[in-house]
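*Asks:* The following block contains the structure, expressed as structure tokens.
The values are calculated or read from the model by the stated rules, or taken from the named source; none is laboratory data. Please read these numbers as outputs of a predicted model, since none were measured by experiment. Cβ placement follows ideal geometry from the backbone for every residue including glycine, while neighbour counts extend to all protein chains displayed. Accessible surface is based on the protein model in full, side chains and every heavy atom, while ligands, DNA and RNA are left aside. Shrake-Rupley method; radii C 1.70, N 1.55, O 1.52, S 1.80 Å.
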Amino acid sequence: MNHLIGLSKRNILLINRLPIQTTIRTVLNNREWRPKEDVPVTAEDRAATAKKYNMLPEDYKPLPPERNAGDMPSVEPAGKFFDRSPWEDYDYPMDRQNWNEPRHPSDHVKYDKTRVGYSPQKRPVTLKILLRLLLLPATFILGVYGLRTFEFMTPSFPSRKPEPGAVHYSFEKDDGSGQGVRY
Amino acid sequence: MGLNISGSLDRARHPERYPEKAKGPTFDPMYGFPDGRKPKAAPYTQEEMQLLNIPLDKRDYCAHYFRAVMICTQQYWPSQYGYCEPERHAWEQCEIKNKIDDAKEYERELRLRRRRLRKEEKAQQTSTHNDEIASNEE
């Protein structure tokens, strides 16, 4: 079934997010993965630690000692989920992350794809977008003014009121009494 | 709704075939009434209506009914809806009669207008017919 939709066995295992979560949860409990408490000093040690964290030796830089993080690497946040290129062939396309890629802890919290609104939007609000707000009210107003030329087809005169000089007639026969009709 | 829209379009297209609502009836009110018509009697004069505190939009030919509603409302406040229904009903019936009279007036105006148009058209036709006959004889 997987080859029909272009997924290999490797991908169907890797695009699941569970391996990343498991890694994060067990990294401090797994004896093999636990970071060393001592910061590497010599060049060999640094190279070995960089290899352990899947980094180049010149890129490796330990976290400052006040973090009490041992030899864990200090990396910059990779940025927001939507800032990363969607066209790259990631091991975890849902997270836009590769296997064993060193990442900043904030990448999984602050820059998660479900978190939005921490920085101004990249797309500027232009006059065109603002004018789009006027579409609906403009339609209503133009419709009202366009229909204003038509008179409603209510088959009746507006009700007349008694005026001093005017005489309004009812539809009753005049009986010659000289009295008007009073409803 | 469809009738209303189509009627509005027809009125906009042929304004001479419909009464002008703002102008009111234009024909002689007694035309076609050999026995005459009773005029409507105003219940109060303008000064009386002002004295009786009748609202401006209620100063029509049913003002006396509305005056009864006002008095009943003042008497039975705040339970006027339980006691003043007969007065209110009488006032509404009067208003309905007035509206029916207005509609009749409109219908009369409309029919007389169309009759006049038909007469003019017929006169036009006969006059052109006579002219043709006269030119043929020459």
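*Asks:* Could you grab me the full set of residues in the stretch A:31-90 that are within 16 Å of A:R103 (Cβ to Cβ), in a helix (DSSP H, G or I) and open to solvent by less than 70 Å² (accessible area, probe 1.4 Å)?
*Replies:* Within the stretch A:31-90, A:A50, A:F81 meet the criteria.
*Asks:* May I pose another question? List the pairs whose first member sits in the stretch A:56-79 and is in contact (Cβ under 8 Å) with a residue 24 or more places away in the chain, whose second member is small (G, A, S), and whose Cβ atoms are under 6 Å apart, counting only residues at least 6 apart or on separate chains?
*Replies:* These pairs meet every condition: A:P77/A:S106.
*Asks:* So which residues in the stretch A:136-166 are among the β-branched types (V, I, T) and under 22 Å from B:I96 (Cβ atoms)?
*Replies:* A:T154
*Asks:* Out of all the residues in the stretch A:136-176, which are more than 20 Å from B:P25 (Cα to Cα), outside any helix (DSSP H, G or I) and more than 9 Å from chain B (Cβ to nearest Cβ)?
*Replies:* Hit for the stretch A:136-176 is A:R148, nothing else.
*Asks:* Among the residues in the stretch B:37-52, are any within 12 Å of chain A (Cβ to nearest Cβ), modelled with pLDDT under 95, in contact with a Lys or Arg (Cβ under 6 Å, 6 or more places away or on another chain) and open to solvent by 80 Å² or more (accessible area, probe 1.4 Å)?
*Replies:* Within the stretch B:37-52, none of the residues are within 12 Å of chain A (Cβ to nearest Cβ), modelled with pLDDT under 95, in contact with a Lys or Arg (Cβ under 6 Å, 6 or more places away or on another chain) and open to solvent by 80 Å² or more (accessible area, probe 1.4 Å).
*Asks:* Between residues in the stretch B:80-109 that are within 14 Å of chain A (Cβ to nearest Cβ) and in a helix (DSSP H, G or I) and residues that are surrounded by fewer than 17 Cβ atoms within 10 Å (Cβ to Cβ) and of a type in the set (S, T, Y), which pairs lie under 6 Å by C-beta distance while being six or more apart or on different chains?
*Replies:* Hits for this filter: B:N98/A:S159; B:D102/A:S156; B:D102/A:S159; B:A103/A:S156; B:Y106/A:S156.
*Asks:* Further, regarding this structure: Among (1) open to solvent by 100 Å² or more (accessible area, probe 1.4 Å); (2) of a type outside the set (G, A, S); (3) without any contact (Cβ under 8 Å) to a residue 60 or more places away in the chain, where does A:R103 come up short?
*Replies:* Answer for A:R103: the failing condition is (1).
*Asks:* Let me ask something additional. Can we say B:D28 is farther than 30 Å from B:C72 by Cβ, without any contact (Cβ under 8 Å) to a residue 60 or more places away in the chain, more than 10 Å from every other protein chain (Cβ to nearest Cβ) and out of contact with any Leu (no Cβ under 7 Å at 6 or more places or on another chain)?
*Replies:* Here the answer is yes, as B:D28 does meet what is asked.
*Asks:* Moving on to the next point. I need every pair where a residue in the stretch B:40-69 that is assigned to a loop (DSSP other than H, G, I, E, B) has its Cβ under 6 Å from the Cβ of a residue that is among the aliphatic types (A, V, I, L, M), sequence separation at least 6 or different chains.
*Replies:* B:P43/B:A63; B:Y44/B:A63; B:I54/B:A63; B:R59/B:M49
*Asks:* Name the one entry in B:P34, B:P25 that is out of contact with any helix residue (DSSP H, G or I) (no Cβ under 9 Å at 6 or more places or on another chain), under 30 Å from A:A166 (Cβ atoms) and not in a helix (DSSP H, G or I).
*Replies:* When all the criteria are applied, what remains is B:P34.
*Asks:* Considering only the stretch B:53-89, how many residues are buried (at least 17 other Cβ atoms within 10 Å of the Cβ) and within 24 Å of A:G180 (Cα to Cα)?
*Replies:* Here the count works out to 14.
*Asks:* Restricting attention to the stretch A:21-30, report how many residues are part of a loop (DSSP other than H, G, I, E, B) and either open to solvent by 100 Å² or more (accessible area, probe 1.4 Å) or out of contact with any Phe, Trp or Tyr (no Cβ under 8 Å at 6 or more places or on another chain) (or both).
*Replies:* Final tally of qualifying residues: 3.
*Asks:* Which condition number in (1) within 9 Å of chain A (Cβ to nearest Cβ); (2) more than 18 Å from A:V181 (Cβ to Cβ); (3) in a helix (DSSP H, G or I) is the one that B:P19 fails?
*Replies:* (3)
*Asks:* Please determine whether any residue of the stretch B:61-71 is touching a Phe, Trp or Tyr at 6+ places or on another chain (Cβ under 6 Å) and more than 10 Å from every other protein chain (Cβ to nearest Cβ).
*Replies:* Yes - at least one qualifying residue is present in the stretch B:61-71.
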